[in-house]
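Engineer: Below you will find the structure I want to go over with you.
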Amino acid sequence: MTTRIILDCDPGHDDAVAMLLAHGSAEIDLVAVTTVYGNQTIDKVTRNALSVARIAGITGVPFARGAHRPLVRTLETAESIHGESGLDGPTLPEPSIPLDPRHAVDLIIDVIMENEPGTITLVPTGALTNIAMAVRKEPRIAGRVREVVLMGGAVHGGNWSATSEFNIVIDPEAAHIVFHESWPLTMVGLDATHQALATPPVLAAIEAIDTGPSRFVGELMDFFANAYKDAQGFDYPPVHDPVAVAYVIDPSIVTVRKAPLTVELTGTATLGMTVADLRSEAPEGCTTQVALGIDHGRFWALVTDALERIGEPEA
Ligand code: BDR
Ligand code: CA
């Protein structure tokens, strides 16, 4: 049984790894890729997504460009982590597949409405602007999505402010909409993804695969490691976004706990904080859960297995 997913992303080094993991996994059917501003402008991340598709040999999957800015706030990008292109490090090939003419919001709605209810999982790994706009435009998608598994947020501390994680704080209003919809939602935040470190043994295992896509990941990680060291003092970079994909492939790799969740919209020092009520057992009917940790070895084994499976795509 494969799980059909829409990857909504802002590539982005870790988004690129998420896309490779989704494409290379036997358990996932990647049915659409949509882009959202975030790590860089919408033009840059959309081009990056198409370049990654070429490197990975992804064909026959629609790619659509999405929101260019947050719902309310001004645009903020993560150049300090992802560089001027949004995917600094490797030389990126010219895209070889065309963009779908639809806006990402319409592609998301079309895919969910055209498929049987309960069969499409949404995996957002960027700001939640497209997903919020989609559910406002077509509210019936909330009852048809199998689940939303997003990378974003944190229970304990942030990375873009003391309390808040980047994907949530750059469009907190969108995140609030998505967190309060009726769909089942898993927040794969920093509590889990800060354990997804690309350590030297991980990088050695990726290098040993010795294919175009594995060398691409190695080059991405070289840049990402330096950026994370300089900007945030990490010894090894946390590769956030594929953890959400890994949870879809094998939920037992991620430790999760059911809890009511909300997003802080009015705090002056805490804007964009994701607040999880972990004081007691979640109430009956709670539809949200948080990821609190991962199995590092099994997570990276999924990524290396996916790269092995992708092999050497035709140029
Ligand atoms: C998240 O922010 C982005 O820079 C990464 O791609 C990831 O989705 C981590 O906070
Ligand atoms: Ca991302």
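The values are calculated or read from the model by the stated rules, or taken from the named source; none is laboratory data. In this text the structure is predicted, and so the values were computed from the model without any measurement. For neighbour counting, all protein chains shown are included, and Cβ atoms are generated from backbone atoms with ideal geometry for every residue, glycine included. Quick note on the areas: whole protein, heavy atoms, side chains included, nothing else; ligands and nucleic acids left out. Shrake-Rupley method; radii C 1.70, N 1.55, O 1.52, S 1.80 Å.
Engineer: Could you please let me know if T3 is within 17 Å of I120 (Cα to Cα) and open to solvent by less than 30 Å² (accessible area, probe 1.4 Å)?
Structural biologist: On the way: within 17 Å of I120 (Cα to Cα): yes; open to solvent by less than 30 Å² (accessible area, probe 1.4 Å): yes.
Spelling it out, T3 is indeed within 17 Å of I120 (Cα to Cα) and open to solvent by less than 30 Å² (accessible area, probe 1.4 Å).
Engineer: Would you check which residues across segment 58-83 are within 21 Å of P101 (Cα to Cα) and open to solvent by 70 Å² or more (accessible area, probe 1.4 Å) and list them?
Structural biologist: Taking segment 58-83 first, the residues within 21 Å of P101 (Cα to Cα) are 58-69.
Hits for segment 58-83 are T59, G60, R65, H68, R69.
Engineer: Does V217 fit the bill of being at pLDDT 95 or above, open to solvent by 10 Å² or more (accessible area, probe 1.4 Å) and out of contact with any Phe, Trp or Tyr (no Cβ under 7 Å at 6 or more places or on another chain)? Even if it seems obvious, please write down each step before you answer.
Structural biologist: Working: at pLDDT 95 or above: yes; open to solvent by 10 Å² or more (accessible area, probe 1.4 Å): no; out of contact with any Phe, Trp or Tyr (no Cβ under 7 Å at 6 or more places or on another chain): yes.
The answer is no for V217.
Engineer: Please count how many residues of segment 250-292 are within 20 Å of T3 (Cβ to Cβ), aliphatic (A, V, I, L, M) and surrounded by fewer than 22 Cβ atoms within 10 Å (Cβ to Cβ).
Structural biologist: Total satisfying the criteria: 2.
Engineer: Name the single residue, out of those in segment 106-132 being polar (S, T, N, Q) and within 16 Å of ligand 2 (Cβ to nearest atom), that is nearest to L150 (Cα to Cα). Spell out how you get there, then give the answer.
Structural biologist: Looking only at segment 106-132, we keep the residues that are polar (S, T, N, Q), and these are 115, 119, 121, 125, 129-130.
If we keep only those that are within 16 Å of ligand 2 (Cβ to nearest atom) as well, we get 125, 129-130.
Details: T125: 6, T129: 13, N130: 13 Å.
In this case the residue turns out to be T125.
Engineer: Quick one: which of I55, I97 is at pLDDT 95 or above, away from ligand 1 (no atom under 16 Å from the Cβ), in a helix (DSSP H, G or I) and open to solvent by less than 70 Å² (accessible area, probe 1.4 Å)? Let's see the steps before the verdict.
Structural biologist: Numbers: I97 fails: in a helix (DSSP H, G or I).
Criteria check complete, one pass: I55.
Engineer: Among the residues of segment 142-150, is any closer than 23 Å to H194 by Cβ, assigned to a helix (DSSP H, G or I) and within 16 Å of ligand 2 (Cβ to nearest atom)?
Structural biologist: No, segment 142-150 contains no residue that is closer than 23 Å to H194 by Cβ, assigned to a helix (DSSP H, G or I) and within 16 Å of ligand 2 (Cβ to nearest atom).
Engineer: Filter segment 233-288 down to the residues that are outside any helix (DSSP H, G or I), hydroxyl-bearing (S, T, Y) and away from ligand 2 (no atom under 16 Å from the Cβ) and list them by number. Lay out the reasoning, then the answer.
Structural biologist: Taking segment 233-288 as the starting set, the residues that turn out to be outside any helix (DSSP H, G or I) are 233-241, 250, 254-288.
Retained after the next criterion (residues that are hydroxyl-bearing (S, T, Y)): 236, 255, 262, 266, 268, 270, 274, 280, 287-288.
Y236, T255, T262, T266, T268, T270, S280, T287, T288 - these are the residues of segment 233-288 that are outside any helix (DSSP H, G or I), hydroxyl-bearing (S, T, Y) and away from ligand 2 (no atom under 16 Å from the Cβ).
Engineer: What pairs can you find where one residue is in segment 32-59 and over 23 Å from D210 (Cβ atoms) and without any contact (Cβ under 8 Å) to a residue 40 or more places away in the chain, the other is part of a helix (DSSP H, G or I) and among the aliphatic types (A, V, I, L, M), and their Cβ atoms are less than 7 Å apart, with a gap of 6+ or different chains?
Structural biologist: Sorted first by the residue in segment 32-59, then by its partner, the pairs are V33/M19; V33/A49.
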